1. Along the Cα→Cβ direction, 7 angstrom out, place labels at ARG84 and ALA124. What is the inter-label distance in nm?
2. Which ³J(HN,Hα) values, rounded to whole Hz and listed in residue order, are derived for region 32-49 from phi using the Karplus coefficients 6.51, -1.76 and 1.60 in 6.51 cos²θ - 1.76 cosθ + 1.60 with θ = phi - 60°, glycine and proline given as x?
3. Between GLN47 and ALA106, what's the calculated FRET efficiency when r is the beta-carbon distance and R0 is 22 Å? Round to 0.05.
4. Can you compute the modelled spin-label distance between ALA77 and LYS32, with each label point 7 Å from Cα toward Cβ, in nm?
5. Taking the beta-carbon count within 10 Å as an exposure proxy, list LEU61, LEU42 from fewest neighbours to most.
6. Summing Lys, Arg as +1 and Asp, Glu as -1, what charge do residues with Cβ under 15 Å from the Cβ of GLY35 carry, GLY35 excluded?
7. Can you give the local net charge around TYR121? Use residues other than it whose beta-carbon is closer than 10 angstrom to its beta-carbon, Lys and Arg +1, Asp and Glu -1.
8. Quick one: net charge around VAL22, please, counting Lys, Arg +1 and Asp, Glu -1 for every other residue with C-beta under 10 Å from its C-beta.
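Read-outs throughout are calculated quantities, based only on the coordinates presented, and are distinct from any laboratory measurement. All of these numbers come straight from a predicted model, not from anything done at the bench. Because the Cβ atoms are built from the backbone with ideal geometry, glycine has one as well, and the counts that use them run over all protein chains shown.
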Amino acid sequence: MTRRTGPTARDTAANPSCTVTVCRGCCCGTSKIPGVDHAAQLSQLRQTLAGVAQVRVSDCLDTCDYANVVVVQPSAAGRRAGGRPVWLGLVNDPDAAGDIAAWVHAGGPGLADPPGVLDLYTIAPARRTRQQLP
C-alpha cells in the first residue's frame, strides 16, 4: 500500500488559507531576469506569509514571457465567495512581494480586493498552463 503525501479534501477544508505558488523554473528565478534578488523575493514571501498562507515553489509554469510568475490561489472561503487563482507576471519589483503578502493577509482572491498595483501584474496564461496547477 502506498501512502498519500499530497493534501486530501479533509486537509484542504481544515486549512482555509491561500496558497502562493512561486515559479522558479527555466526562466523565473534565474539570471535570465537580471537585477532581481530572487532568493530575497521568495524569502520575503515565506517570512511575511508564515502561518497565513502556504508558499510553495514550482518548476516552470510555462509562462516564461512573464517571468517572474506568482500564482495566488484562494482559500476555501475565497473560492466559495467566487475567488479564482490569480496569475501575476513580471513580478520583478522589490515591493511586489509585499503587495502580494498584504493582499493575502487581507483574505486574498474572493475575499479582498488586491492592491491596485497588482492589476499591472495580472496575466492570463494559456488554458493548458492553468490546468496544470491544481
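1. 0.9
2. 5, 10, x, x, 10, 8, 4, 5, 5, 4, 5, 4, 4, 4, 5, 5, 6, 9
3. Working: r = 18 Å, r/R0 = 0.80.
That gives a FRET efficiency of 0.80.
4. It is 3.9 nm.
5. Values: LEU61 26, LEU42 18.
Fewest-to-most Cβ neighbours within 10 Å comes out as LEU42, LEU61.
6. Details: positive: LYS32; negative: ASP37, ASP93, ASP95.
For residues surrounding GLY35, the net value is -2.
7. Values: positive: none; negative: ASP93, ASP99, ASP119.
For residues surrounding TYR121, the net value is -3.
8. Details: positive: ARG24, ARG46, ARG56; negative: none.
Net of charged neighbours comes to +3.
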